[in-house]
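Scroll down for the structure; my scribbles are underneath it.
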Amino acid sequence: MPTLNWIGKDKVLNHHLEVPFHVLERQYSFDEAGKHEEDNGSENMIIHGDNLLALKSLLPKYEGKIKCIYIDPPYNTGNENWVYNDNVNDPQIQRWLHQVVGKEGEDLSRHDKWLCMMYPRLKLLQRLLADDGVIFISIDDNEQANLKLICDEIFGVNCFVADTSWQRTYSTRNDSKGIVSEVEHVLIYSKQTNWNPNKLPRTAEMNSKYKNPDNDIAVWRTDNAYAPGAVSHQGMVYAIQHPFNGKMLYPSNGSCWRYQQETMLAIMNGWCEYELKEIDDINERALICGVAEGDVRKNVKAIVLKKSLSESKEHAEKVLKKGPWPKFFFTKNGKGGIARKTYLKNVGGKLPTNLWKHDDVGHTDEAKKEMLNIFGGKTTFDTPKPTRLLQFILTIATNKDSIILDSFAGSGTTAHAVLNMNKADGGNRKFICIEMMDYADTITAERVKRVINGYGEGKKAVDGTGGNFSYYELGEPLLVDDKLNNAVSTEKIREYIYYMETKQALPEASADEPMLLGVYHGAAYYFNYEKDASTTLNAAFLKSIKTQAEAYVIYADTCVLSENKLQQFHITFKKIPRDIARL
């Protein structure tokens, strides 16, 4: 598989493993009662902080659980100001990434910088994605080719779903020069191969093609009576005699009938009486199959009229007039060929394509007007995405209980779309939005507050969606100089330890056993830890254990039990902080 190389790649390939784990500190919660310090238990999160650190902080609870990820990273046009101060331990990378990227214009290294910024973030996003999950990435032509190659490397070529074109504008300026950029890309990758999107709701225009001219039990439309594969399905290449004119009808060249003879015979008996009969048609069937006469399958009978043509026609005309017609029918009021009915009730929704038109998903002007309405006519964000675009993505990629992540949250469109969807269908989708810029509270979170409560005036007023969220800041690192950070709460440490052992969320604490983390797959996990004192795994601690388990994993500062004693009670001792696993 072709791979992309750039300056600094070797320094960032495993950088996501070196990123320190930081805890998340809730600052406030918000719901229909307003902003308050009390935790409302919301699973919706808005996080202020560098998304590389924030993504790492999400792993203990969300690794492998995110159904849908949407990101809108910097496009690296050369006219932007984006800064991501990744702590890569290399002087060259530090010189690049500790500067504002984009102001250099056509600086030839700006693509290397962008790739160094994106690669570790995509690695963490891939870990967060659920097995049935999918990621959508907005990008334009500046980095589309580079992004495609690194996504092939990180997610796998077989997990590439589509490179869609979003029609971001509805008109072009008359003074535009060159080839006007009318679309942006949305690259789509799944966690595993063979991901299939949800179907879209059918439109009235689509349904209008379905009629009921024969008094059938449901509306239907005309479909092809043939299927490809004549050579490999020669037993399904045969003649059917027309009941109105007696002609022998065959599938088109290279095609076969959709059903075996027995099934087709039963269907055609709905018009008049038919039977299977040998006829001398080797030449016709060989021509359709595209093989020599000697290679065509022998003894394939035709479906022919059992009675005379006049009797058959008389019966068929009664069926044609009264209805309903059989599933395979004769077009042009009985004078044409054979077609098949496809019932509306069996076709389901509309399949999404790789062209997303502005009529269906919105455009940039719509997004700007939406923001102006939310913020009372004030311009707060230069390049928002329309909410309809995100709602389209959520429609094809999520269900009512999905978790959605946006690690380049910007103006908060993803959260807005989630709230709209939940209001529309009563769903319980959860959003996690990460924004590193200082406007995370004043724009990103503020927009979500107004969406929850309602916004706009007069004819532009929009009712509130309801809902809630909690706002977080990146907190302290868990480990400092390979020692547990005393500034981090014990509960946060316990969550981390249990996750690293089990990949599970920490259960509620036991009042009887405060050091017990939980029991998983027959093993009981204990974290014997005190911030201001050294702890010891000794006989006294063993006596305090009340939980019966097949095995025990016990963390402490020291252990004075013998190896024989540890083996006797099936205990694995882990020393704090030496044996604490690193994410």
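Considering only region 566-576, I want to know if a residue exists there that is closer than 29 Å to LEU24 by Cα and either among the charged types (D, E, K, R) or touching a Pro at 6+ places or on another chain (Cβ under 9 Å) (or both).
Yes, some residue in region 566-576 is closer than 29 Å to LEU24 by Cα and either among the charged types (D, E, K, R) or touching a Pro at 6+ places or on another chain (Cβ under 9 Å) (or both).
Quick one: in region 164-181, of everything that is within 26 Å of GLN391 (Cα to Cα), exposed (fewer than 15 other Cβ atoms within 10 Å of the Cβ) and not β-branched (Val, Ile, Thr), which residue is modelled with the lowest pLDDT?
Filtering region 164-181 for residues that are within 26 Å of GLN391 (Cα to Cα), exposed (fewer than 15 other Cβ atoms within 10 Å of the Cβ) and not β-branched (Val, Ile, Thr), the one modelled with the lowest pLDDT comes out as SER171.
Collect the residues in region 449-466 that are closer than 19 Å to GLN27 by Cα and either at pLDDT below 95 or out of contact with any Lys or Arg (no Cβ under 8 Å at 6 or more places or on another chain) (or both), keeping them in residue-number order.
The answer is ARG450, ILE452.
For the condition crowded, with 16+ Cβ neighbours inside 10 Å, in contact with a Gly (Cβ under 7 Å, 6 or more places away or on another chain) and modelled with pLDDT under 95, what is the one hit in ILE93, ILE66?
Only one candidate qualifies: ILE93.
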- Message: Being farther than 22 Å from ILE396 by Cβ and in contact (Cβ under 8 Å) with a residue 40 or more places away in the chain is the filter here; which residues of region 141-151 pass it?
- Response: ASP141, ASN142, GLU143, ASN146, LEU149, ILE150
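Quick one: which residue in ALA302, ALA286, ALA292, ALA316 is surrounded by 15 or more Cβ atoms within 10 Å (Cβ to Cβ) and free of Cβ contacts under 8 Å to residues at least 12 places away in the same chain?
So the residue among ALA302, ALA286, ALA292, ALA316 that is surrounded by 15 or more Cβ atoms within 10 Å (Cβ to Cβ) and free of Cβ contacts under 8 Å to residues at least 12 places away in the same chain is ALA286.
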- Looking for whichever is hydroxyl-bearing (Ser, Thr, Tyr), in contact (Cβ under 8 Å) with a residue 60 or more places away in the chain and touching a Lys or Arg at 6+ places or on another chain (Cβ under 6 Å) here; the options are SER470, SER407, SER489. Which one fits? SER470
- Item | Unique residue being in contact with a Gly (Cβ under 6 Å, 6 or more places away or on another chain) and either at pLDDT 95 or above or not assigned by TED's automatic domain parsing to the domain that holds LEU128 (or both) when the list is GLU491, GLU550 | GLU550
- Query: So how many residues does region 141-191 have that are assigned to a helix (DSSP H, G or I) and either in contact with a helix residue (DSSP H, G or I) (Cβ under 7 Å, 6 or more places away or on another chain) or within 26 Å of ARG110 (Cα to Cα) (or both)?
  - Reply: 13
- Note on the structure: Subset of region 450-506, residues at negative phi, surrounded by fewer than 17 Cβ atoms within 10 Å (Cβ to Cβ) and of a type in the set (Gly, Ala, Ser), comes to ALA461, GLY464, ALA487, SER489, ALA505
- Note on the structure: Note on region 528-568: residues of a type in the set (A, V, I, L, M, F, W, C), surrounded by fewer than 16 Cβ atoms within 10 Å (Cβ to Cβ), over 42 Å from the mean Cα position of the chain (by Cα) and within 17 Å of LEU517 (Cα to Cα) are LEU542
- Mind checking which residues of region 2-17 are on the phi < 0 side of the Ramachandran plot and either under 27 Å from the mean Cα position of the chain (by Cα) or not in a helix (DSSP H, G or I) (or both)? PRO2, THR3, LEU4, ASN5, TRP6, ILE7, VAL12, LEU13, ASN14, HIS15, HIS16, LEU17
- Having 3 or more residues that are among the hydrophobic types (A, V, I, L, M, F, W, C) and over 30 Å from ASN198 (Cβ atoms) is the bar; report the helices (runs of 4 or more DSSP H) wholly within region 273-362 that clear it. 282-289, 309-322
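This table checks each residue for (1) surrounded by 16 or more Cβ atoms within 10 Å (Cβ to Cβ); (2) of a type in the set (Gly, Ala, Ser); (3) assigned to a loop (DSSP other than H, G, I, E, B).
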residue: LYS378; (1), (2), (3): no, no, yes
residue: ASP382; (1), (2), (3): no, no, yes
residue: GLN391; (1), (2), (3): yes, no, no
residue: ILE396; (1), (2), (3): yes, no, no
residue: ASP401; (1), (2), (3): no, no, yes
residue: ALA417; (1), (2), (3): yes, yes, no
residue: ASN422; (1), (2), (3): yes, no, no
residue: GLY427; (1), (2), (3): yes, yes, yes
- Item | Set LEU372, LEU405: member being in a strand (DSSP E or B) and at negative phi | LEU405
- What residue, among those in region 263-283 that are of a type outside the set (A, V, I, L, M) and within 19 Å of SER252 (Cα to Cα), is surrounded by the fewest Cβ atoms within 10 Å (Cβ to Cβ)? ASP280
- Message: Of everything in region 152-174, what is of a type in the set (Val, Ile, Thr), closer than 27 Å to ARG127 by Cα and touching a residue at least 60 places away in the same chain (Cβ under 8 Å)? Give them in sequence order.
- Response: VAL157, THR164
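The values are calculated or read from the model by the stated rules, or taken from the named source; none is laboratory data. Just so we're clear, the structure is a prediction, and the values are computed from it rather than from any experiment. Cβ sites come from the backbone with ideal geometry, for glycine too, and all protein chains shown count toward neighbours.
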